[in-house]
Amino acid sequence: MAEFPPHLHYAKTHEWVRFEGDRAIVGISDFAQEQLGDVVYVELPELGLQVEAGDETAVVESVKAASDIYAPVAGEVVECNEQLDAEPEIVNQDPYGNGWFFVLQIQTKEESNDLLTADAYASMCEDESA
């Protein structure tokens, strides 16, 4: 059963966001990693990349499929989780902890208004699974 930590924000495209000041840490949800199956490769964005909300920013490949990872908010990529290069399976093992993908430097949190709460995201996932 997928987990949906209530302190995170969620995009309809299955990314989660944790805001820390003017930084947004981004990963994929537990639901998304369950749907993908065993993650075998992660292509991370270039540092300094400027993204708008909804831009394709990274790629995750599993034994089942490859999926784009979208920026849930606008910002500049200032950090990537290089540990995923050697150990992509961390995405499956710890999607909300060590399995994060990248960090965005953001200008404003106003864009978070388009993100979902944990409850709203959980409902959306239930509908997709039905």
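The values are calculated or read from the model by the stated rules, or taken from the named source; none is laboratory data. Keep in mind the model is a prediction, meaning the values are calculated, not measured. Here the Cβ positions follow ideal geometry from the backbone for every residue, glycine too, while neighbour counts run over all protein chains shown. Note: areas computed on protein heavy atoms with side chains; ligands, DNA, RNA excluded. Shrake-Rupley method; radii C 1.70, N 1.55, O 1.52, S 1.80 Å.
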Worksheet item: How many nm separate the modelled label positions at D119 and A65, each set 7 Å beyond the Cα in the direction of the Cβ?
Response: 2.9
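Mind giving me the FRET efficiency for L47 and A130? R0 is 30 Å, r the Cβ-Cβ distance, nearest 0.05 is fine.
Working: r = 40 Å, r/R0 = 1.34.
Approximately 0.15, to the nearest 0.05.
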Fill in: HN-Hα J in Hz across region 76-85 - Karplus 6.51, -1.76, 1.60, θ = phi - 60°, x for Gly and Pro
10, 5, 10, 7, 10, 7, 4, 4, 5, 4
Item to complete: For n ≥ 4 DSSP H runs only, could you compute -39500 (n - 2.57) per run for the chain, divide by its residues and tell me the 222 nm figure to the nearest 500?
Response: -5000 deg cm²/dmol
Practice prompt. Evaluate the distance, in nm, between pseudo-label points positioned 7 Å from the Cα of E89 and of D55 along their respective Cα→Cβ axes.
Written response: 3.4
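Let me know the charge dipole size of the chain about its Cα centre in debye, to the nearest 20, where only the beta-carbon of Lys, Arg (+1) and Asp, Glu (-1) is charged.
Details: 5 positive and 28 negative charges, 44 e Å.
Around 220 debye, computed over the chain.
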Item to complete: Might you tell me the accessible area per residue for the chain, computed with a 1.4 Å probe and given in Å²?
Response: 52
Discussion item. With θ taken as phi - 60° and the coefficients 6.51, -1.76 and 1.60, list the Karplus ³J(HN,Hα) couplings across region 19-36 in order, rounded to whole Hz; mark glycine and proline as x.
Written reply: 8, 10, x, 9, 10, 10, 8, 10, x, 10, 6, 4, 4, 5, 5, 5, 5, 5
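State the percentage of accessible surface on the chain attributable to carbon and sulfur atoms; use a 1.4 Å probe and exclude ligands, DNA and RNA. Write down the numbers at each step before the final one.
Details: 2980 of 6720 Å².
It is 44 percent, rounded to a whole number.
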Fill in: Listed residue (G97, P6, V59) projecting farthest to the positive dipole end of the chain, Cβ model
P6
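Dipole size in debye (nearest 20) for region 2-76 around its Cα centre, Lys and Arg Cβ +1, Asp and Glu Cβ -1? It would help to have the intermediate numbers written out before the result.
Working: 4 positive and 15 negative charges, 42 e Å.
Using Cβ point charges on Lys, Arg, Asp and Glu, region 2-76 gives about 200 debye.
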Worksheet item: Quick one: if you stick a label point 7 Å off each Cα along the C-beta vector at D22 and A2, how many nm between them?
Response: 3.3
